[in-house]
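Here is the structure we will look at.
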């Protein structure tokens, strides 16, 4: 009765609609509000940084895919765009144009493709790029700009570097009315994006909750003059904690697999962030903390397997 | 005790849930495979040229885990040969050509059953060739005769029907509620248990009501039967998931529900036990849901075992001009894709589904992005992606450290995987390779 081919493949024969590409584009969309806030606060120069970074990542992805004899259409999965976006969000608004180019190439090549492409990298690619730039050109990476409406256009430091001078209200920090990286300043809109990711079940609360909780607790205990007097709200709102905890530490490829593992990972990130912020010479600790914990993920995975039914 | 994970695929039950069970006319030619149950194939007791009636024994069980096979039509045995099989491709089968009369080998008059003993019930079930009709086709008489050391305290009746599209159990519960209840009492008697739990998902509230009112009318003092409403989620109807949900007991790894004092039977199996004991009728027909993305008339059909799949599809108005992508026996989560529509309906066939490209094209496989969706979906608490990645690289030594043998092959991991990785297939591969070595 049927004189045409029918397909034979193994079960299941229906699939949920949530595909890798869709996940990537939802994450990209969830990041857009905070980026638009950054452009509004710092001006069009930051839009330029964002676009250059994305283009650099996408082009180096295509080139590297071709060098590896892979289908260059793989770039459409959206992961390179996401890496470019996250890298730009971690850059100061007025870096020279070649900084995001170098950062994008390093992110994609050394951060991702050299390990085998999407799914195989050990470290968060955008953070690899950022760390490379931070070490190579520290002056460009720490030259900050004040919001457009501020009286002195160029400021010397972010709120974290000036802790204690207390020139910022919590509301300033929450809305992004201060100097900092393009994507990290507007905590309010970062939280909107985080809510999108939580509601669509793209991320779970385990990593952000344990990461942020650990930072706030340790800052409260050790961050002030004497115990239990630290300004934990300041450390939550200033710097890259919210961006890092919701959008970088939750990167699927470079975080542990199980719920237990995710909580250990989040606590580890939190402890390292606080150690770097309080004891290190560098005021911001989130990205190095995440990178360090990325390296420990295989070990965490090995010791946090799931509980099997009937065992 | 671990917490169980579930997934929530769309139900697709609307198109057949209101379709009353219709009898499909007996086929002109029936193909009756000798292995349509778990265990050893049965052994033919007829020869080519023999005349058989509907319900005549044609092959006898061989060994402890095996089942009898009966003719589903009356006519002449024309061949005993390799024939298409819907699950294993091809197998030895007895082929019977109909004489068009459908003469029965048993009398359908009601019997006095109040005097049947425990042993009688078990031997009638064994003679009637009854196997689990939920899909696994495990011989029911084996389940009803646990070894002396095993104490059974609870009988669980599985009316969950958690696979999308399928409504055959649901229709049977609505239309044959009294018979199912009588069957429940028979099985409880055979096992000598007092407690019976009937689990039905909450998308079938009217079935709960129908069985509940049948229970009320038939109430037997010595049985404690309770109806349990289950959440609609997949795979709620898995044996191991049911024992955990209803009794909070976990079947030990590698074990059976018998090991924790339970016996689980599907409602359709229960109905065939009723028919065997009350009417002397062996298992030669069953209810099959015929549905899918674009059949004109999706139906629930009472089908003779051995009827070729294409006859069911013709009855339901399959338009061959449409974009037919896959034809599946069973549900969409665990069913088997068919390539030969001459393959017959067997005892374990719960549905025949026709799916179009849009609903069932798997999509191109990508590398695992470690999203952990499969881990959060696995009802057995496994890490499917780790087994899958290891199996892909032929590292079955690594795969073995992630408990592949505890996989129940429900398909939840493959359903949620955003990278379209054939996780169930890879886990099955790992199992096969590890068994060999």
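Structural remarks
- Crossing angle, helix A:20-42 versus chain A [Cα axis fit, 0-90 degrees, rounded to tens]: 20 degrees
- Mean Cβ count within 10 Å, highest first, over the residues of peptides A:105-112, B:131-138: A:105-112, B:131-138
- Taken as Cα centroids, the range A:225-297 and the range B:59-122 sit 67 Å apart, rounded to the nearest whole angstrom.
- One Cα centroid belongs to the range B:363-381, the other to the range B:285-352; the line between them spans 30 Å.
- Whether the range B:380-423 is rounded, prolate or oblate, judged on the alpha carbon gyration tensor where a/c under 1.5 counts as rounded: oblate
- Relative contact order of the range B:26-98, defined on C-alpha pairs under 8 angstrom at six or more residues apart (%): 37 percent
- The protein assembly as shown - mean residue ellipticity at 222 nm from DSSP helices (-39,500 (n - 2.57) per run, n ≥ 4, rounded to 500): -12000 deg cm²/dmol
- Cα-based radius of gyration of the range A:1-68 once divided by 2.2 N^0.38 Å, which approximates compact folds: 1.89
- The overall shape of the range B:117-279, judged from the alpha-carbon gyration tensor, is rounded, with an a/c ratio under 1.5.
- Distribution of pairwise C-alpha distances over chain A, 10 Å bins, in %: 6, 26, 35, 21, 7, 3, 1, 0, 0
- For the protein assembly as shown: rounded, prolate or oblate by the Cα gyration tensor [a/c cutoff 1.5]: prolate
- Share, in percent, of DSSP beta bridges within chain B that are antiparallel, nearest 5: 60 percent
- Highest-fluctuation residue, A:81, A:28, A:63 considered, GNM on chain A with Cα pairs under 10 Å: A:63
- Once the Cα atoms are used to define both axes, helix A:79-89 deviates from the longest principal axis of chain A by about 0 degrees.
- Among B:218, B:174, B:182, residue whose mean-square fluctuation peaks in a GNM of chain B (springs only between Cα atoms under 10 Å): B:218
- Solvent-free Debye calculation, one equal scatterer per alpha-carbon of the range A:184-244: log10 I(q)/I(0) at 0.22 Å⁻¹ equals -0.88.
- Nearest-ten-degree value, helix A:44-67 long axis tilted from longest Cα axis of chain A: 30 degrees
- The range B:184-313, Rg to Rh (Cα coordinates; Rh as Kirkwood inverse mean 1/r): 0.99
- For the range B:285-360, the calculated P(r) over all alpha carbon pairs, in 10 Å bins from 0 to the bin holding the longest distance, is 21, 60, 18, 0 percent.
- Relative contact order [Cα under 8 Å, 6+ residues apart], the range B:1-155, whole percent: 21 percent
- As a size descriptor, the averaged projected area of the C-alpha convex hull of the range A:150-287 was calculated at 8.6 nm².
- Whole-number D in µm² s⁻¹ for the range B:1-147, Kirkwood Cα-pair radius fed into Stokes-Einstein, 10 °C, 1.306 mPa s: 90 µm²/s
- Volume of the Cα convex hull of chain B, divided per residue and given in Å³: 144 Å³
- When both bridge partners sit in the protein assembly as shown, DSSP labels roughly 60% of those beta bridges antiparallel.
- Among A:208, A:125, A:283, residue whose mean-square fluctuation peaks in a GNM of chain A (springs only between Cα atoms under 10 Å): A:283
- Between the range A:91-148 and the range B:145-189, the alpha-carbon center distance in angstrom: 62 Å
- Of the two radii for the range B:26-98, the radius of gyration is 0.94 times the Kirkwood radius, both from the alpha carbons; that is the Rg over Rh value.
- Per-residue average of Cβ from other chains inside 10 Å of B:357-367: 4
No lab work stands behind these numbers, since they all come straight from the coordinates. Computed from a prediction, not measured in an experiment: that's the story for all the values here. Using ideal geometry, Cβ is built from the backbone for each residue, glycine included, and neighbour counts are taken over all protein chains shown.
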